[in-house]
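Asks: Dropping the structure in here first, questions after.
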Amino acid sequence: MKAFEGQAAVTVGEGKDPVNEPMIRHWCEAMGDTHPAYQGPDAIAPPTMLQAWTMGGLSGHPGRSTAHEALFALLDEAGCTSVVATDCEQEYVRPLRPGDRITFDSVIESVSPRKTTKLGAGYFVTTRTDVRADGEPAGTHRFRILKYAPAGRRESRAQDGRPRPPGSGDRARSPHPRPVINRDNAGFWDGVAGHKLLIQRCTDCATLRFPWLPGCNHCGGDGWDTVEAAGRGTVFSYVVMHHPPFPAFDPPYAVGLVELAEGVRMVAGVVGVPPEEVRVGMSVRLEFRAVEEGLVLPVFNGKHV
Ligand code: ZN
């Protein structure tokens, strides 16, 4: 890994925009920085914006070096698959002003010996970026990350039982969110607790309704009784959740809008098949799962229906 020290990470990058007033204003608003030096006709850019002028945005910069990728691949192979940014040091040579054109190059400055940290054992990689404005040195930005093998990670599995990709199961599972139960929907949750899926039925016009509501949308009547769903349904629509991560859930997982044989639709997890195999129109069958202690939820199983 020492051989990577001194190798280019980016050679002659160009700032996507010259230093400009709108980006300065947005930065100051985001940071809550009202310093007068960053406003008015003689404004300079906040020095800590140094990195902002070099960032590639969503489309990135062309010409990212293979040395950087090779170093990361080597660390991945050594089991150091996780990454965390640790610190950043900047030096300012001269102020940046609107209109300055930015160029920069980055070099892999150092790779540390193996270190043991609370997160796990790994290597600190420091990248130094030299920033120039209209060709003159303007500042230096050192960015350090830890590439590490997570300590004490238990193998966890996705809801479909497959092993999870590295890095996706690092955190302890958070409690599952609880349903909000009120007087209008308590009957539904009482049913679920007894492994029954109850649909409300208007006693005036016999229209079924779901989710539970205080009155009938069809006739306005407020009398109701219930019918128990037989448990057959089809996937009317669905999403497969990958991102953003919610602490209680292991992506990827499928959430369906399931049309019950009785005609109403409900949102619930689709289980029993890998999420990428869920399809609109797929037949599913109701089951009840104990998600965790004290929480049973209706889900729909797509396996062998
Ligand atoms: Zn009605």
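Asks: Just checking, does region 63-83 include any residue being part of a loop (DSSP other than H, G, I, E, B), β-branched (Val, Ile, Thr) and more than 30 Å from the chain's Cα centre (by Cα)?
Replies: Taking every residue of region 63-83 in turn, none turns out to be part of a loop (DSSP other than H, G, I, E, B), β-branched (Val, Ile, Thr) and more than 30 Å from the chain's Cα centre (by Cα).
Asks: Same structure again: Any idea which of Ala52, Ala121 is outside any strand (DSSP E or B) and within 31 Å of the chain's Cα centre (by Cα)?
Replies: Ala52
Asks: Continuing with this model, one more query. Look at region 186-206 and say how many of its residues are in a loop (DSSP other than H, G, I, E, B) and over 15 Å from Pro298 (Cα atoms).
Replies: Selection size over region 186-206: 4.
Asks: Inside region 181-213, can you point out the residues that are within 16 Å of the ligand (Cβ to nearest atom) and touching a helix residue (DSSP H, G or I) at 6+ places or on another chain (Cβ under 6 Å)?
Replies: Trp212
Asks: Follow-up question, since we're still on this one. Keeping to region 147-202, report how many residues are modelled with pLDDT under 65 and of a type in the set (Lys, Arg).
Replies: Within region 147-202, residues that are modelled with pLDDT under 65 and of a type in the set (Lys, Arg) number 6.
The values are calculated or read from the model by the stated rules, or taken from the named source; none is laboratory data. Everything numeric here is computed off the predicted structure, so don't read it as measured data. Counting neighbours? That spans all protein chains shown, and the Cβs are built from the backbone with ideal geometry, glycine included.
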